[in-house]
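Notes follow the structure.
The values are calculated or read from the model by the stated rules, or taken from the named source; none is laboratory data. Since this is a predicted model, take the numbers as computed values, not measurements. Every residue, glycine as well, gets a Cβ built from its backbone with ideal geometry; the counts of neighbours run over all protein chains shown. In case anyone asks, the SASA skips ligands and DNA or RNA and just uses the protein heavy atoms, side chains included. Shrake-Rupley method; radii C 1.70, N 1.55, O 1.52, S 1.80 Å.
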Amino acid sequence: MKSKYTDFQNITQEEYFNLIAELMAVRKRADVPLAYVRTYGCQQNVADSERIKGMLYESGFSFTENVEEADFILFNTCAVREHAEDRVFGNVGALKNIKRKHPSVMIALCGCMMEQEHVAQRIHDSFPFVSLVFGTNCLHEFPRLLYNTLLYGKRTFLRGNTDENVYEGIPIKRDGNFKGFLPIMYGCDNFCSYCIVPYVRGREKSRRPEVVIEEAREMIASGYKDICLLGQNVNSYGKGLEDKPNFSQLLKEIDKIEGDYWLRFMTSHPKDCTKELIDTIAESKHISHHLHLPFQSGSNRILEKMNRRYTREKYLDIIKYAKERIPDLSLTSDIIVGFPGETYEDFQQTLELIREVEFTSLFTFIYSRRKGTPAADMPDVATDEEKSKWFQELLKVQEEIAAKRCADMVGSVQKVLVEEKSSNKEGILNGRTSGNIIVEFAADESIIGTFQNIKITKARNWILNGELVKE
Ligand code: 5AD
Ligand code: SF4
């Protein structure tokens, strides 16, 4: 897909790529200019980085994992929790020495953190060696920004782009060649009271269905076996589009594409998760039997304060229906422990819900105060020590559930996508089931990137061990 985007000077993206390549030709330290791109945070950030890498690649860059040898260093940052932000500040600080040693290196920061005014200001004032800062909604502007910063050597800051356009045709360089993300929408309109995302990623915007379907078709044709559709709340896909296609319709259209592949999506919001969606999964050929449905808290009192707009009962209803329609469904969720005002009784209701649903795995977070969100001003009752204790209790309960779920699979044969060599066991490969459970088995690495049937022989906590079933 060629970009049709031209900027206000009527320069196309392709022209910018060439201009950047010319400037880098005299600036590079090795045979080719090298870029180091580090991504913090969620899958949406990974997908954004893949587009940034696409633009860098088209501008003649190769990529390095060694920050010391890079000519261009970019951190794509995450603002969801304070801890993530602290790490970024620490790691940006460490770049000072690199800039001192190699003054020609250009350091850039982008992503959700940079959309917060106080963060951009701190970068501006305390990190003068950072030359380029741009927010999540300015990705399409990156070639122009990079070119001008290289050319004029002046620091560039751009954030707060709130226009409603979705810019298509940005080149992509995906990290994997058989598993990939496909963003279907950007931003979020939900304003959960703890969450910074709607403030830093802006209002919800959907990509046109025909563009998404075409991108899925291209991915499948080039060998992708696992495609994950991305959005902060995929269930409200299409709301702002003219003909209002809904998410189930989009899934059905993609599912029609021939081939051996799995289709996943994240994230679903329980308030918009319909029976139609569950039926679509149940009746599809390619959609994996995995639903990531974050419930955040099992207490109605806390859910209301979180502005989640569903109750524990409604959540359990949809789970019940989903389990009936898809008996081998694997469920995962996100949970926040220690939301302002949460008591041990509220937390107990979260534990009860976990025991009732029996999730395959959970992403668990201790609440982190985010400046500018409504929850940041809510009074708290529990201490940090109490919250840590609850958190440990939660992990223990979930460990037992995951172990039981995995043990129940021993003896079954699972279709697995073979992903990589085990990092610490010689001759062992790791794969994943359609339900996203890791399976370890002995096999030759030549089958990485293919589907295989594995007989499950053992379960160790939440990891399965198995043997390759020879055809
Ligand atoms: N504190 C802790 N966890 C948070 N999340 C979002 N905002 C916060 C916060 N302020 C979690 C939610 C969300 C996941 C992506 O991150 O559980 O689903
Ligand atoms: Fe944040 Fe809620 Fe939007 Fe998810 S749905 S990104 S938790 S505001």
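Quick rundown of the values:
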item	result
Neighbour-limited loop hits for GluC sites (Glu not before Pro), region 304-404 (at most 13 other Cβ within 10 Å; DSSP other than H, G, I, E, B)	none
Extension gain from I11 to R155, taking 0.36 nm per residue of separation minus the Cα-Cα distance	49.7 nm
Mean separation of Cα contacts under 8 Å, 6 or more apart, over the residue count of the chain: relative contact order %	10 percent
Region 362-471, relative contact order [Cα under 8 Å, separation at least 6], %	23 percent
Sparsely packed chymotrypsin sites (Phe, Trp or Tyr not before Pro) within region 1-93, loop by DSSP, other Cβ within 10 Å at most 11	F8
Size of electric dipole in region 217-332: Cβ of Lys, Arg +1 and of Asp, Glu -1, about Cα centre, debye, nearest 20	600 debye
Probe 1.4 Å, protein heavy atoms only - accessible area per residue of region 88-178 in square angstrom	44 Å²
Region 242-382, accessible area per residue, ligands and nucleic acids excluded (1.4 Å, Å²)	43 Å²
Estimated dipole of the chain in Debye, rounded to 20 [Cβ of Lys and Arg +1, of Asp and Glu -1, Cα centre]	600 debye
Accessible surface of the chain [probe 1.4 Å, protein heavy atoms]: carbon and sulfur percent	49 percent
Cα gyration tensor shape of region 414-471, rounded if a/c is under 1.5, else prolate or oblate by comparing a/b with b/c	rounded
Cα-based shape type of region 214-334, given that a ≥ b ≥ c are square roots of the gyration tensor eigenvalues and the cut on a/c is 1.5	prolate
Computed label-point distance, nm, for sites D260 and E313 using a 7 Å Cα→Cβ extension	4.8 nm
The chain: angle of helix 384-407 to the longest principal axis, Cα-based, in degrees nearest 10	60 degrees
Between 0 and 90°, nearest 10: helix 344-357 axis offset from the chain longest Cα axis	70 degrees
Solvent exposure of region 395-471 as accessible area per residue, Å², 1.4 Å probe	55 Å²
Longest segment of the chain lacking trypsin sites (Lys or Arg not before Pro) that sit in a DSSP loop with at most 15 other Cβ atoms within 10 Å	30-153
Label-point separation in nm, R100 to D377, each point 7 Å along Cα→Cβ	4.3 nm
Point-to-point label distance, E218-E471, nm (Cα→Cβ direction, 7 Å offset)	3.0 nm
Full-stretch length increase - S423, T274 - with 0.36 nm per residue and alpha-carbon distance subtracted	49.7 nm
C-alpha long axis of helix 209-221 to longest principal axis of the chain, angle in °	90 degrees
Rounded, prolate or oblate (a/c below 1.5 giving rounded, otherwise prolate when a/b exceeds b/c) for region 135-197 by Cα gyration tensor	oblate
The chain, helix-only ellipticity at 222 nm - DSSP H runs n ≥ 4, -39,500 (n - 2.57), divided by all residues, nearest 500	-11000 deg cm²/dmol
Listed residues G60, I73, V46: farthest to the positive end of the dipole of region 45-87 (Cβ charges)	V46
Gained length - K455 relative to D384, 0.36 nm times residue gap less alpha-carbon distance	21.1 nm
Mean separation of Cα contacts under 8 Å (6+ apart) over length of region 109-226, as relative contact order %	24 percent
Entries in K173/K415; K225/K455; K244/K323; K320/K455 that, when Cα-Cα distance is taken, lie over 25 Å	K173/K415; K244/K323; K320/K455
Partnerless Cys - the chain, beta-carbon criterion under 4.7 Å	C42, C78, C110, C112, C138, C188, C228, C273, C406
Sites N177 and K252, calculated FRET efficiency, Cβ-Cβ separation with R0 30 Å, nearest 0.05	0.65
At R0 = 45 Å, FRET efficiency that the Cβ-Cβ distance of V410 and F89 yields, to 0.05	0.45
